[in-house]
Amino acid sequence: MIHSVYSNKDTFLRELVSNASDALDKLRLETFRDKDLHADTSDLHIELEVDRDNRVLTVRDNGIGMSRAEVVDLIGTLAKSGTAQLRKQLLEAKAGDQQAEELIGQFGIGFYSTFMVADKVTLTTRRAGENTGTRWESAAGSSTYSIEELDDAPQGTTVSLHLKPADEDDHLFDYTQEWKLREIVKKYSDFIAWPIRMDVERTVLDGEGEDKTEKTLVETQTLNSQKALWTRPRSEVSDEEYTEFYKHVAHAWDDPLEIIPMRAEGTFEYQALLFIPSHAPFDLFTREHKRGVQLYVRRVFIMDNC
């Protein structure tokens with residue numbers, strides 16, 4: 001089923017990050033709606049963690065989390081979306097529909113894309129406001145899963161992928177590599193509103209002269225820019241911000257000749273931000289040159305040349 005839905009294995013991380021962003025949005029909405037909800041919202045974020053020795057990639061958020069019943073309902077049933085249900089409830093109540101449009105969602109199929117790259121997937125979650133967590137686990141190709149209660153699960157959701165061996169001929173890359181994770185986040189999730197963090201190792205020289213020694217430092221870095229300027233009115237964005245954004249997305253060194261923000265409302269609604277470069281791209285007439293407008297849905301990259 002998964003291979004019939006997805007053709008690009010890299011998109012598993014896009015789906016997990018989108019689900020995590022969705023969970024953070026839901027927690028923010030829930031704390032506005034329920035003032036008695038005891039949930040930590042001081043540092044909402046998404047975290048990537050890599051265990052290279054055991055080939056485990058973990059995606060963690062401190063969002064709304066799930067109860068045991070929701071785990072069975074949302075993950076045990078393919079393609080059922082808690083986000084779609086929440087949006088429906090908000091729209092029916094005619095309250096918070098602007099916030100509802102920010103939700104990303106479709107948890108079911110998106111979550112199962114992980115089995116393209118993992119032999120086994122373990123999910124640990126605890127819903128905000130509850131004391132007991134849930135652990136769910138299943139292996140690729142299996143028709144069953146195990147589920148149990150946990151007493152010490154942190155708020156939010158943690159998904160750990162026990163990765164398959166890399167096979168570049170099958171476009172199955174090594175997803176424990178820092179450069180590969182950066183590449184996927186930059187391509188698909190660069191404009192997610194929440195910070196996506198990862199601990200990275202850096203080798204530096206310590207000391208002076210002949211006494212210099214190599215020292216390994218671990219620092220936490222934010223992988224995404226979070227700046228979706230097309231979502232903000234023209235009056236709220238400076239020309240300097242637009243120019244910086246243009247250079248970031250176009251990998252350009254020059255300033256744009258023209259900046260065209262636009263918004264359309266009707267049967268379909270969209271916001272667009274178009275740039276006309278001041279110089280023709282150096283690779284304009286090469287076969288590999290990428291043309292066209294990129295499409296993002298809920299700040300998540302969907303396609304080139306739209």
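The table that follows gives values for the structure above.
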| item | result |
| --- | --- |
| Matching helices (runs of 4 or more DSSP H) fully within the range 4-108 where at least 1 residues are at pLDDT 60 or above and either surrounded by fewer than 13 Cβ atoms within 10 Å (Cβ to Cβ) or in contact with a Ser or Thr (Cβ under 8 Å, 6 or more places away or on another chain) (or both) | 11-33, 68-74, 82-92 |
| Boolean, residue 21 is within 26 Å of residue 301 (Cβ to Cβ) and within 13 Å of the chain's Cα centre (by Cα) | yes |
| Every residue from the range 276-299 that is in contact with an Asp or Glu (Cβ under 7 Å, 6 or more places away or on another chain), of a type outside the set (A, V, I, L, M) and not in a loop (DSSP other than H, G, I, E, B) | 277 |
| Qualifying residue in the range 27-40 (condition: closer than 26 Å to residue 297 by Cα and touching a Pro at 6+ places or on another chain (Cβ under 9 Å)) | no |
| Filter result (acidic (Asp, Glu) and within 18 Å of residue 157 (Cβ to Cβ)) within the range 26-43 | 30, 40, 43 |
| Some residue of the range 277-290 being outside the structural domain of residue 16 (by TED's automatic domain parsing), of a type in the set (A, V, I, L, M), more than 24 Å from residue 196 (Cα to Cα) and out of contact with any Cys (no Cβ under 7 Å at 6 or more places or on another chain) | yes |
| Options 149, 168; residue that is exposed (fewer than 13 other Cβ atoms within 10 Å of the Cβ) and touching a helix residue (DSSP H, G or I) at 6+ places or on another chain (Cβ under 9 Å) | 149 |
| Any hit, the range 202-222, residues being touching a helix residue (DSSP H, G or I) at 6+ places or on another chain (Cβ under 8 Å) and either modelled with pLDDT under 90 or of a type outside the set (Gly, Ala, Ser) (or both) | no |
| Number of the exception - residue 300 against (1) touching a Ser or Thr at 6+ places or on another chain (Cβ under 6 Å); (2) at pLDDT 90 or above; (3) among the hydrophobic types (A, V, I, L, M, F, W, C) | (2) |
| Top-ranked residue of the range 256-306 - restricted to ones that are surrounded by 10 or more Cβ atoms within 10 Å (Cβ to Cβ) and polar (S, T, N, Q), ranked as farthest from residue 190 (Cα to Cα) | 278 |
| Pair list, Cβ under 6 Å, 6 or more apart: the range 236-255 residue more than 19 Å from residue 186 (Cα to Cα), other residue part of a helix (DSSP H, G or I) and hydrophobic (A, V, I, L, M, F, W, C) | 237/229 |
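The values are calculated or read from the model by the stated rules, or taken from the named source; none is laboratory data. All figures in this text were calculated on a predicted structure; none of them were measured in a lab. Note: ideal-geometry Cβ built from the backbone for every residue, glycine included; neighbour counts use all protein chains shown.
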